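Asks: Attaching a single structure in structure tokens format; questions to follow.
The values are calculated or read from the model by the stated rules, or taken from the named source; none is laboratory data. What you see is a predicted model, and the numbers here were worked out from it, not measured in a lab. A quick note on method: Cβ atoms are made from the backbone with ideal geometry, for glycine too, and the neighbour counts reach across all protein chains shown. These area figures cover heavy atoms from the full protein model, side chains too; ligands, DNA and RNA do not enter into them. Shrake-Rupley method; radii C 1.70, N 1.55, O 1.52, S 1.80 Å.
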Amino acid sequence: MERRHVLLDVLADAGPSIVPVWSTTDLNEGLLWYAALEGTGVEGIVAKPLRGVYKAGRIWAKIRHADTVDAAVVGFPGSTRHPKALAVRLPDGRVALSQRLTTALSSIVAPRLVPQAGRAFTKAGDSYTPAVGDVVVEVVAGTTRHAVVTVVRLR
């Protein structure tokens with residue numbers, strides 16, 4: 001609370017090019033912002049303890065706008081026995097690497113991966129081992145500037 005007051009004081013005369021982000025302690029108002037701002041480029045909302053301090057670790061919760069879709073697995077970084085993530089083809093045709101797989105998901109997906117020789121690359125330049133087969137996973141494909149892809153489960 002004290003940091004925000006100091007920030008608002010500092011930005012009071014900054015002008016329209018620098019403005020503080022909106023802030024509320026009202027749950028319904030936050031939910032309204034989340035719903036109303038989805039198509040405007042706002043990634044989502046951040047929730048944190050009002051009296052929380054900055055410290056290592058994740059104490060803030062980011063609630064992002066995202067869609068759950070099925071995606072074909074086209075490869076993986078890491079070893080066949082322990083894939084670190086999955087290269088997936090999203091419905092728009094884009095190939096992206098997922099976030100790091102949980103140990104549980106990695107152990108379920110690994111036996112179904114059929115690696116191919118060579119290396120492949122996403123448009124972003126991420127390297128992975130290509131794989132063939134009919135492995136499909138459900139993913140949360142974020143609509144944020146980072147386009148985060150998180151594997152939810154094997155289909």
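Asks: Checking residue 110 against (1) modelled with pLDDT of 90 or more; (2) open to solvent by 60 Å² or more (accessible area, probe 1.4 Å); (3) of a type in the set (A, V, I, L, M), which single condition isn't satisfied?
Replies: Only one criterion is unmet by residue 110, namely (2).
Asks: Which one of 56, 61, 47, 147 is modelled with pLDDT under 95 and touching a helix residue (DSSP H, G or I) at 6+ places or on another chain (Cβ under 8 Å)?
Replies: Values: 56 fails: touching a helix residue (DSSP H, G or I) at 6+ places or on another chain (Cβ under 8 Å); 61 fails: touching a helix residue (DSSP H, G or I) at 6+ places or on another chain (Cβ under 8 Å); 147 fails: touching a helix residue (DSSP H, G or I) at 6+ places or on another chain (Cβ under 8 Å).
The match here is 47.
Asks: Is it true that some residue in segment 124-132 is open to solvent by less than 20 Å² (accessible area, probe 1.4 Å), in a loop (DSSP other than H, G, I, E, B) and free of Cβ contacts under 8 Å to residues at least 60 places away in the same chain?
Replies: There is no residue in segment 124-132 that is open to solvent by less than 20 Å² (accessible area, probe 1.4 Å), in a loop (DSSP other than H, G, I, E, B) and free of Cβ contacts under 8 Å to residues at least 60 places away in the same chain.
Asks: Could you tell me how many of the residues in segment 89-111 are among the polar types (S, T, N, Q) and either in a loop (DSSP other than H, G, I, E, B) or in contact with a strand residue (DSSP E or B) (Cβ under 8 Å, 6 or more places away or on another chain) (or both)? It would help to see each step written out before you state the result.
Replies: Kept after step one, since they are among the polar types (S, T, N, Q), are these residues of segment 89-111: 98-99, 102-103, 106-107.
Now restrict to residues that are either in a loop (DSSP other than H, G, I, E, B) or in contact with a strand residue (DSSP E or B) (Cβ under 8 Å, 6 or more places away or on another chain) (or both): 98-99, 102, 106.
Selection size over segment 89-111: 4.
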